[in-house]
Amino acid sequence: MAAPALTTIFPIPPLNQTSKLNHRRQQNALLCFKSSPILTTSSATLETKINYNARISRFCELGSLENALNLLDNAPKSQVELNVYFTVLKLCTENLSLEHGKRVHSLIKSSGLAVDDLVRSRFVQMYINCGDLREGRRVFDEIGTKEVFLWNTLINEYAKTRNFRESICLFKQMRRTMGVQPNSYTFSCVLKCFVGLGSVGGGEEAHGCLLKLGFDSYNTVGNSLISFYSKSKRIDSARQVFDELFDKDVISWNSMINAFLSNGLAAKGVEVFSEMRFREVEGDLATMLSVLPACAEMGMLLLGRAIHGHAIKGHIFDGEVKFNNSLIDMYAKCGDLGSAKQVFAKMDKRCVVSWTSMISAFAREGRCDAAIELFREMEAEGVEPDLYTITSVLHACASNGLLEEGKAVHEFIVKGSSQSNLFVANALMEMYAKCGSMMDARQVFDQMPLRDVISWNTMIGGYSKNCLPNVALELFMKMQQVFKPNTVTMSCILPACASLSALERGREVHASTLRHGFSSDAYVSNALIDMYAKCGALLLARLLFDRMALKDLVSWTVMIAGYGMHGRGKDSIDVFNEMQKSGIKPDGVSFIAILYACSHSGLIDEGWRFFNIMRNEYKIEAKLEHYACLVDLFARAGRLNKAYKFIEKMPIVPDSTVWGALLCGCRTYRDVTLAEKVAERIFELEPENTGFYVLLANIYAEAEKWEGVKKLREQITGRELRKKPGCSWIEMKSKVHVFVAGDRSHPHSKEIESLLEKVRMRMKLEGFLPNKRYALMNATAMEKEEALCGHSEKLAIAYGILGLPPGKTVRVTKNLRVCRDCHEVAKFMSKMFMKEIVLRDSNRFHHFKDGRCSCRSYW
């Protein structure tokens, strides 16, 4: 009986049939194989009548690995050819089936066939492709003579697992021990390994080797060298390799452009792109995705538009989402939001990056409402926002103080269960902190499963900026138990020390910066100068300032402001002039500092001169803060009518700060009539601000117009407004002691009262009578005198004199402006007890020594 034709058992479909048809015919073939009468014959008949090699190969063609292996298991070993094993092994490799590959390996071992280096090479490739590098390496080591492609395969595989050292060891073994000559692919891979190890010397050695072998003319090798030198920060060497390439392809140009961009040399990258266009080398998508961010970084809108126009004319990159995303980012960062919107609107396909780029663009331009609206539109279209989208929206809310919108985004985050993400949680805390809601920020912080140094810094900085310095210091102490602070931490905690005038705490932080090596950081140095100035240690502030190797604009401005708040206006002017000579150009904040200094030192002509210099020489537009300083300058000098006329001629609408500066002048010079006119304007602007009601009441009280005082108090009560309580504090033995007027709860209140009584009696004996006008109440002389003795700054100064050792300066801070009676008492106490007293109020510093004050009674 003749054997049936092979095509009867395994019908061969035409090559153009679909995979579905192939699958169905594969099943038919298997059924035919199972039902064939041949399978019922003896094994001897099978050996003589069935071509096992053809059947196994046919299963491999159909992709049926399991059937091929089953037949291979059952086939007599003597009838299976080696190339059939290779065919099955190839299918195992393609299917990434390590289990089946191991079965083939076992079958070959038991087949009795000679296993030579060629067979072992096939198994190395199978093991490596299927992810078993260890077994692949074991088989590799058994091979006697290895081809270069096999070395490359193993070197590359170790590089993929970031085991760069083993890749380099193999490279050296290949050359020195085995004498195998590397090819261009070898060098491309090895150079990446040297980058991974950060070994510049090793890469240079490889460069010398490939030069000897003549591979420097290969573009792939040249491109790898450019990348190696670029990532090793050897940009000149990268450029030299690029210039020596004979036939540069588009990848070579892209590599050089990226080399400059990644090393912060965007202008050089654009130059290479221009040279590329000049030589008529057509860039690809990768080129444009490199150059457009460079345009964005440098603000080169014209070049960005030219690239966009070229793409439109040539219909290049039509529908390329990445290209359009880069265009949106470029236009937005160059300030052309309209063009960014047009690109976004014309996009047929948008990904999450497209939406995020547009949201960030709106946020960058301060259009946070539009950013949030776009975020909602994105949700409506079913696009799932990623972490960058969410953080961009939160930054938009934070920048504009949009607390309610930020809370709505928070609700979305909670629904999506992404609040546990570290980046999202940090962005949430930043949003709440910048919007002034520290309770919400703390809730997010407390619920975080994992925190990093940014989390702690955000909370410390938030508490510090939201007038909660004590909590900031407390959190700083807790942070140090789990995290090492960085420069940002120090920059956040030092303002907290400054706002409390906590000099001892500030010194401790300063010592910590020295221990951690942060003293050379410009931000930390500036924060330290500011802290010492605001803690009354102006000499230390100046010492640090003089030691700074590189002073930036902030350094100079902080020093100018420091002298200003201590009433040393002429020193502020000297520093300002020195800054100009050093080539540092002042900005609007610098002029606020110098105008403030002139105001607090009575330097009217100088202040007016600086105001004109700002507008005329530096072309800086005056803002409300500058006008407020100038009004304060006139008001403090008693030129109230000039200040009033100046306000009326302002080109911008004055706010309560401007009018408030004049109202303070009215109190100093007891101009009740003008005070009433000014207060009327202020109450229209800020009807809920109790501070201005109290200020006018004080003006009435000092003029003994008690009906006016009574009327204002009724207004405050009727509006349910709360007066800001006056308090003073002093730091002693790393503890802050707070005093409130009339409060007798302090453990040492009896000693304090006794000391103040002695001071009062001594002042009477020497002819100093308390100025009862500053008691600001309609009462008997005795009641007024007792009220004056209870002012909080007196209590704090008295406690400092009692508790501090001889020679130690008494440093007191008050949250409101010091009254004139307390000012006179502090002068007397400095002489009586031979103590230097530094008092910082809400306006400035007062240094009392030997019965005199640094302000010369001008504040």
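The values are calculated or read from the model by the stated rules, or taken from the named source; none is laboratory data. As the structure is a prediction and not an experimental result, all values here were calculated from the model. Note: ideal-geometry Cβ built from the backbone for every residue, glycine included; neighbour counts use all protein chains shown.
Residues that are closer than 17 Å to Met565 by Cα, part of a loop (DSSP other than H, G, I, E, B) and either of a type in the set (Gly, Ala, Ser) or touching a Gly at 6+ places or on another chain (Cβ under 9 Å) (or both) within segment 821-858 comprise Ser842, Arg844, Ser854, Cys855, Arg856, Ser857, Tyr858, listed in sequence order. Filtering segment 378-401 to residues that are among the hydrophobic types (A, V, I, L, M, F, W, C) and surrounded by fewer than 22 Cβ atoms within 10 Å (Cβ to Cβ) leaves Met378, Ala380, Val383, Leu387.
Assess whether Glu66 counts as being modelled with pLDDT under 80 and either of a type outside the set (S, T, N, Q) or within 30 Å of Val139 (Cα to Cα) (or both).
Details: modelled with pLDDT under 80: no; either of a type outside the set (S, T, N, Q) or within 30 Å of Val139 (Cα to Cα) (or both): yes.
Spelling it out, it is not the case that Glu66 is modelled with pLDDT under 80 and either of a type outside the set (S, T, N, Q) or within 30 Å of Val139 (Cα to Cα) (or both).
Quick check on segment 811-820. Is at least one of its residues more than 30 Å from Leu712 (Cβ to Cβ), at pLDDT 90 or above and either part of a strand (DSSP E or B) or in contact with a strand residue (DSSP E or B) (Cβ under 9 Å, 6 or more places away or on another chain) (or both)? Steps first, answer last, please.
Our first condition is that a residue be more than 30 Å from Leu712 (Cβ to Cβ); within segment 811-820, this holds for 811.
When the remaining residues are screened for being at pLDDT 90 or above, the result is 811.
Add one more test, that the residue is either part of a strand (DSSP E or B) or in contact with a strand residue (DSSP E or B) (Cβ under 9 Å, 6 or more places away or on another chain) (or both), and what stays is 811.
Looking through segment 811-820, at least one residue is more than 30 Å from Leu712 (Cβ to Cβ), at pLDDT 90 or above and either part of a strand (DSSP E or B) or in contact with a strand residue (DSSP E or B) (Cβ under 9 Å, 6 or more places away or on another chain) (or both).
Taking Gly335, is it touching a Gly at 6+ places or on another chain (Cβ under 8 Å) and surrounded by fewer than 22 Cβ atoms within 10 Å (Cβ to Cβ)?
Values: touching a Gly at 6+ places or on another chain (Cβ under 8 Å): yes; surrounded by fewer than 22 Cβ atoms within 10 Å (Cβ to Cβ): yes.
So Gly335 passes the test.
Only a single criterion out of (1) under 41 Å from the mean Cα position of the chain (by Cα); (2) of a type in the set (A, V, I, L, M); (3) surrounded by fewer than 20 Cβ atoms within 10 Å (Cβ to Cβ) is not satisfied by Val672, namely (1). Against the condition within 22 Å of Arg239 (Cβ to Cβ), out of contact with any helix residue (DSSP H, G or I) (no Cβ under 8 Å at 6 or more places or on another chain) and at pLDDT 85 or above, how does Ser290 come out, does it pass? It is false that Ser290 is within 22 Å of Arg239 (Cβ to Cβ), out of contact with any helix residue (DSSP H, G or I) (no Cβ under 8 Å at 6 or more places or on another chain) and at pLDDT 85 or above. Restricting segment 512-555 to residues that are among the polar types (S, T, N, Q) and outside any loop (DSSP other than H, G, I, E, B), the residue that is surrounded by the most Cβ atoms within 10 Å (Cβ to Cβ) is Ser525. Among the residues making up segment 218-255, a single one is among the aliphatic types (A, V, I, L, M), buried (at least 17 other Cβ atoms within 10 Å of the Cβ) and over 17 Å from Lys192 (Cα atoms): Leu245. Under the condition of being under 22 Å from His846 (Cβ atoms) and either crowded, with 22+ Cβ neighbours inside 10 Å or of a type in the set (Ser, Thr, Tyr) (or both), the residues counted in segment 556-568 number 9. Just one of the listed residues (Ala286, Ala267) is of a type outside the set (S, T, N, Q) and either closer than 20 Å to Gly309 by Cα or buried (at least 21 other Cβ atoms within 10 Å of the Cβ) (or both), and it is Ala286.
Mind counting the residues in segment 124-156 that are part of a loop (DSSP other than H, G, I, E, B) and under 46 Å from the mean Cα position of the chain (by Cα)? Can you show your working first?
As a first pass, look at segment 124-156 and keep what is part of a loop (DSSP other than H, G, I, E, B): 130-132, 143-147.
Filter again for under 46 Å from the mean Cα position of the chain (by Cα), leaving 130-132.
Here the count works out to 3.
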